[in-house]
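Notes follow once the structure below has been shown.
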Amino acid sequence: MTGEIASTTALPNPEREPKNYLNAAWTVRSWLLTVDHKRIGLLYLAGITFFFLLGGAAAGLFRLELMTPQSDLMESETYNKLFTLHGIIMIFFFLVPGIPGVLGNFLIPIMIGARDMAFPKLNLMSWYLFMIGGCFTLYVTVAGGVDTGWTFYTPYSSTYSNTYVMATAVGIFITGFSSILTGLNFIVTVHKMRCPGMTWFRLPLFVWANYATALIMVLGTPVLAITILLVALERGLKIGIFDPRLGGDPVLFQHLFWFYSHPAVYIMVLPAMGVISELVAAFSRNRIFGYKLVAFASLAIAVLGFLVWGHHMFVSGQSLYAGMVFSVLSMLIAIPSAIKVFNWTLTLWRGEVTFSTPMLYSIGFLGLFTIGGLTGLFLATLGIDVHVHDTYFVVAHFHYVMVGGTVMAYLGGIHYWWPKMTGRMYPEGWARFSAVLVFVGFNLTFFPQFILGYLGMPRRYHVYDEGFQVLNVMSTAGASILGIAYLFPITYLIWSLKYGPKAPANPWNAVGLEWMTSSPPPTENFTETPVVDFEAYEYHRNAADSHG
Amino acid sequence: MNTEFQIFPDAASTAAGKVDALYLFMVVLSAVLSVFVAGLVTYLAIRYRRANNVNREHVDHGNTIEYIAMAISFPILMGIFLWGAKVCFFLFRAPEQAMPITVVAKQWMWKFQHADGRREIDTLHIPTGQPVKLTMVSQDVIHSFFVPAFRTKQDVLPGRYTSVWFEATQPGEYRLYCAEYCGTNHSRMIGKVIVQSPEDFARWMAGDAASDEPPAETGRNLFEQYQCGTCHRPANEEGARGPTLEGLFQSRVPLAGGQTVVADETYMRESILRPAQKQVAGYQQIMPTYEGQVSEEGVMHLIAYIKTLGAPAATKPAAAPAPGSPAATEPAAPATEPTVDTPTAAPATEDNAANESEGNAP
Amino acid sequence: MSTTATLPTHTAKKTPVVAHHFDDWTQQYDACVLGMWTFLVTEVMFFGGAIAVYMIYRWQYPMAFAYASQELSAPLGTFNTFILLTSSLTVALGVRYAHTGESRKVGWMLISTIVLGAIFLGIKAYEYYTKFEHNLAPLLNLPFDYAGPDPGPTKIFFGLYFGMTGIHALHMIIGVVLMALYIPAAFRNEYRDGNSLGIEIIGLYWHFVDLVWIFLFPLLYLVDRSLAAPM
């Protein structure tokens, strides 16, 4: 069954390329008003790449400043605005919309055999909302910045900061709607748009992971929206809701904020886990070990993720007993995460492993995510968190999860599906080199920060004690390697659009509906609606005929 | 004081060893697990690489392996949790005899006051071998009191008391950081804790302590200035329109709604600033609010003074006639620890009975 | 959240145009209804967050909130509740007529709902006006005069009152506008074939907005009023 669709649609035709979603129309209008989920995926790709570069530039600047303990390049105001900008952009405009926006949009309908998302216009609207929200952030950046940190803790954000808090809040509020609509679209699409034969347990794990993500987006983002709205009301209309001078409780803000923002961590990492499932299966040519448990682990993480927000507040004055509850629940969330790491690893067992770029990123992910997850246990442990809370230990931990996890998976996924998205192959040698460079640069940047954290260097410090300098210099050195390493893929991927060799329909010889249509796929994904009569990752049943 | 390259922080409190032990255990555990995962990935990836001729026959296994992994990891996780909780109880439960110090934080400064009135800014002297308990409040945004060498940290909130305690073991100078981002000069809101031997500390205290008025004394002056004593009279006097304050601290106060509360610092602070919230049973709500009229330090001084008002034997309140009056309690409730009511005496010793709720009262 | 249960039985009459990416009308119908329910879940979380904040402060400052809620007019609130419940009835009738293909009646029901919604908003506006009159609107640094005890938490109460009822009113305004957009189609007899999807969706939305008020009204106006009664 793999053969038929692929071979009919992907016949190379030197005279005239077959119609696909890219060459269907060339006008700017056909892109900006498109309702094709694949084009919207590419619009997201453009948007988030831009924000990634902006957020990365901010990080580069303040890492440079942190080379020395004193203030040399910039004033504290500037430093504070830079780390705030970095956090806001990377979280709300890169990590949250990243994998769902680009890969989720592009792949979910294809993977489930649908012609499009359930609500294509809503999908386009999501992208516009995302960009409008982004414009607010850009405006803030240009106008003078905001210095509250991405966490917007009250009463600093609501009363004391005299920077552009309102505009930033509005931007995030609008982007939140983008997130909600994306989540809604994913949920309805996965429920209602699956092609005949595509049962829940035949879904690729990437779809499961995005489904779990969508649940969090739909349930969590509105709470962020109301929280931001309350802060905006407080600032704009001078209603004091978190204002301690009226008897308001600034810690209540933290509860509301983390009620969204902790699950948001899983919005950022679950899709990455989905990507890794696809990659590991494809390059081990093996069914994911314990498929169902991995699928359920995604849901378990999504659900448990809503019950652990208080572990961000062990020292903020909440009661010790509340802290214990949150601590124990946070420990529990390690179990589904560990199951996943375990199952990806065991997928290699009796597989047929090759080391293409996406696989290198996956192996990197496994290592870095393991460290990120284990250091998460440190932070969930009450006695340790008291000391390392709000230090560089926390910074290192979430970068291991967010960058070592999500960004590695995102890059791996982009390489893996690049031939499908663009119809071109990327240069493998450069890509492998960059993957290794990213891994090295990343570890050099963030590993020293664990040590800094336990030494007690608080985060968000512009000037610091001299004793911390050696480790900070290491970190900055790593950051420069990492920064350069990220520029490679951007360069050669753009290069490949024109000069890369044409991609066949299934360059990796992988299974899954997305590899059974042409590269790039036609506008409605398949020439005829596929009928699924096989399980996910059926490499073994397939081994005989897939080479044909 | 963090001026030289280190890879492990100084340990200078009784808590440090406990936290470090747990931390090092976790480091070892993580290292073992990381090496295990990395080793397994490497081994499997090499053994099952495409070029290698090995058995790749597909086996349909159940989920037994995962269930075993879960069964093993669960008790380990719970063990870590319990150990962590135990350390945390140690970190958050101040011993009864702890020496009280008050802290008022503001952008970007730490203000300390010892029980005998000695004030310090950005520097805190403490003796070794003596538990110290800080009662902290912020004048503006949220700050966080963090001394890495003591392995403890506590956010300092506006509008609510929090507390932190430690017992230093090694004389020396240790860095104090603000760990919660608090605005432009967050990274300059640092200070030092100077730990001295008890003798040196006593000598330092004796130095020029006289220049600073003890907090209870300041509190008494405030008490008189606001004419609190007009209504809050000793229990046996006539004309008390407000509940007596004698023996109030740490007593159980019956409220109008039928509940009772323990009169800790947080309660007293609220009753001064927003008296209507917790009305004492049997009294009219006539006390005006002092929100915005008394500074955070003033409130702390008033509380320090009220703490010195012993049980029935009390004599002091220099009564001057006039209106308003803070705080409230039922006369019946006995003081937990009656003490000297001469306001000049340090209120230190009877501070902080054990049942105080770690500064976490909602 | 059973969506198939609400599927009208008469889709056979004449199937409406199916969008290109759906296989058939049933799939499109199911997808839209599920989409709306999912959206309402997000709305529940949105209002839920605000209500949680309110409950926490109410629990922290029971007396101040009890006194403050006395400042709200229970009769007006009750009357508004009655109005809004009636509008839920009219919109439900509209859905019913859409099912049975009585397109003009759908139009009239939408108009009635809009009128009732407007009455509600009018009364709400009057209530706001009286709060401004009595200097009980803690907005934009307007003077806030409050004779009772504890102006601080009282300000929080009124802040939340304006915030929550304001967001609710905004939802109603959006609903009214959306319904107005459906009226021309109704009078062009476009619902004669029982193509009720659009009306059903707007109906779900309106019921939800109604439901939010059912929570807001007792929370803001009624609960613990008696606590403060002796004053």
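The values are calculated or read from the model by the stated rules, or taken from the named source; none is laboratory data. Computed from a predicted structure; not experimentally measured. We place every Cβ from the backbone using ideal geometry, glycine too, and count neighbours over all the protein chains shown. Areas reflect the complete protein model, heavy atoms only, side chains present, ligands, DNA and RNA absent. Shrake-Rupley method; radii C 1.70, N 1.55, O 1.52, S 1.80 Å.
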Requested in this report: For the stretch A:387-409, indicate whether the set of residues that are open to solvent by 10 Å² or more (accessible area, probe 1.4 Å), over 18 Å from the mean Cα position of the chain (by Cα) and more than 14 Å from chain B (Cβ to nearest Cβ) is non-empty.
Outcome: no
Over the stretch A:460-476, the set of residues open to solvent by 10 Å² or more (accessible area, probe 1.4 Å), in contact (Cβ under 8 Å) with a residue 60 or more places away in the chain and within 8 Å of chain B (Cβ to nearest Cβ) is A:ARG460, A:VAL463, A:TYR464, A:ASP465, A:GLU466, A:GLN469
Exception for A:LEU233 within (1) facing another protein chain (nearest Cβ under 9 Å); (2) open to solvent by 10 Å² or more (accessible area, probe 1.4 Å); (3) in contact (Cβ under 8 Å) with a residue 40 or more places away in the chain; (4) out of contact with any strand residue (DSSP E or B) (no Cβ under 9 Å at 6 or more places or on another chain) falls at (3)
Notebook entry, point to check: Do we find a residue being at pLDDT below 95, of a type outside the set (Lys, Arg), part of a loop (DSSP other than H, G, I, E, B) and under 19 Å from the mean Cα position of the chain (by Cα) anywhere in the stretch B:201-209?
Noted result: no
When you scan the stretch A:514-531, do you find a residue that is within 14 Å of chain B (Cβ to nearest Cβ), farther than 21 Å from A:ALA59 by Cβ and not in a loop (DSSP other than H, G, I, E, B), even just one?
no
Within the stretch B:187-228, the count of residues that are open to solvent by less than 20 Å² (accessible area, probe 1.4 Å) and closer than 11 Å to B:ASP116 by Cα comes to 3
Taking the stretch B:174-193 and keeping only residues that are more than 19 Å from the chain's Cα centre (by Cα) and more than 12 Å from chain A (Cβ to nearest Cβ), one is left with none
Flagged in the stretch B:25-54 as within 9 Å of A:GLY351 (Cα to Cα) and either in contact with a Lys or Arg (Cβ under 8 Å, 6 or more places away or on another chain) or more than 9 Å from chain A (Cβ to nearest Cβ) (or both), in numbering order, are B:TYR48
Of those in the stretch B:141-167 that are at the interface with another protein chain (Cβ under 9 Å from one of its Cβ atoms) and open to solvent by 20 Å² or more (accessible area, probe 1.4 Å), the residue farthest from A:VAL386 (Cα to Cα) is B:GLY159
In this structure, does B:ILE80 turn out to be at the interface with chain A (Cβ under 9 Å from one of its Cβ atoms) and hydrophobic (A, V, I, L, M, F, W, C)?
-> yes
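Please enumerate the residues belonging to the stretch A:244-254 that are more than 8 Å from every other protein chain (Cβ to nearest Cβ) and more than 26 Å from A:GLY405 (Cβ to Cβ). Walk me through it before giving the result.
Looking only at the stretch A:244-254, we keep the residues that are more than 8 Å from every other protein chain (Cβ to nearest Cβ), and these are A:253-254.
Across the stretch A:244-254, the qualifying residue is only A:PHE253.
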When restricted to A:GLY317, A:GLY383, A:GLY323, the only residue touching a Cys at 6+ places or on another chain (Cβ under 6 Å), more than 28 Å from A:PRO489 (Cβ to Cβ) and open to solvent by less than 20 Å² (accessible area, probe 1.4 Å) is A:GLY383
query: Condition test on C:GLY166, is it surrounded by fewer than 19 Cβ atoms within 10 Å (Cβ to Cβ), within 14 Å of chain B (Cβ to nearest Cβ) and more than 18 Å from C:ALA98 (Cα to Cα)?
result: no
Given the conditions (1) closer than 30 Å to B:THR289 by Cα; (2) open to solvent by less than 20 Å² (accessible area, probe 1.4 Å); (3) assigned to a helix (DSSP H, G or I), every one holds for C:ALA137 apart from (3)
Per the filter on the stretch C:50-89, residues open to solvent by less than 20 Å² (accessible area, probe 1.4 Å), more than 15 Å from C:VAL223 (Cβ to Cβ) and either assigned to a loop (DSSP other than H, G, I, E, B) or touching a Phe, Trp or Tyr at 6+ places or on another chain (Cβ under 6 Å) (or both) are C:ASN80, C:ILE83, C:LEU84
Within the stretch A:255-278, does at least one residue satisfy the condition of being within 14 Å of chain B (Cβ to nearest Cβ), farther than 21 Å from A:ILE333 by Cβ and assigned to a helix (DSSP H, G or I)? no
Does at least one position in the stretch A:115-126 carry a residue that is at pLDDT below 95, among the small types (Gly, Ala, Ser) and at positive phi?
-> no
Flagged in the stretch A:242-275 as open to solvent by less than 10 Å² (accessible area, probe 1.4 Å) and touching a strand residue (DSSP E or B) at 6+ places or on another chain (Cβ under 7 Å), in numbering order, are A:PRO250
Note: among A:VAL102, A:VAL140, A:VAL96, just one is more than 20 Å from the chain's Cα centre (by Cα), of a type in the set (A, V, I, L, M), buried (at least 21 other Cβ atoms within 10 Å of the Cβ) and in a helix (DSSP H, G or I), namely A:VAL140
Exercise. Test A:GLY364 against the stated conditions and say whether it is touching a residue at least 40 places away in the same chain (Cβ under 8 Å) and over 30 Å from A:LEU256 (Cβ atoms).
Key: yes
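Just one of A:VAL403, A:VAL440, A:VAL436, A:VAL353 is among the β-branched types (Val, Ile, Thr) and under 30 Å from B:LEU22 (Cβ atoms); which is it? Working first, answer last.
Working: A:VAL440 fails: under 30 Å from B:LEU22 (Cβ atoms); A:VAL436 fails: under 30 Å from B:LEU22 (Cβ atoms); A:VAL353 fails: under 30 Å from B:LEU22 (Cβ atoms).
After ruling out the rest, the residue left standing is A:VAL403.
Could you check, for the stretch A:240-252, whether at least one of its residues is among the hydrophobic types (A, V, I, L, M, F, W, C) and more than 29 Å from A:GLY376 (Cβ to Cβ)? Working first, answer last.
Restricting attention to the stretch A:240-252, the residues satisfying the condition of being among the hydrophobic types (A, V, I, L, M, F, W, C) are A:241-242, A:246, A:251-252.
Now restrict to residues that are more than 29 Å from A:GLY376 (Cβ to Cβ): A:241, A:246.
So far as the stretch A:240-252 goes, yes, one or more of its residues are among the hydrophobic types (A, V, I, L, M, F, W, C) and more than 29 Å from A:GLY376 (Cβ to Cβ).
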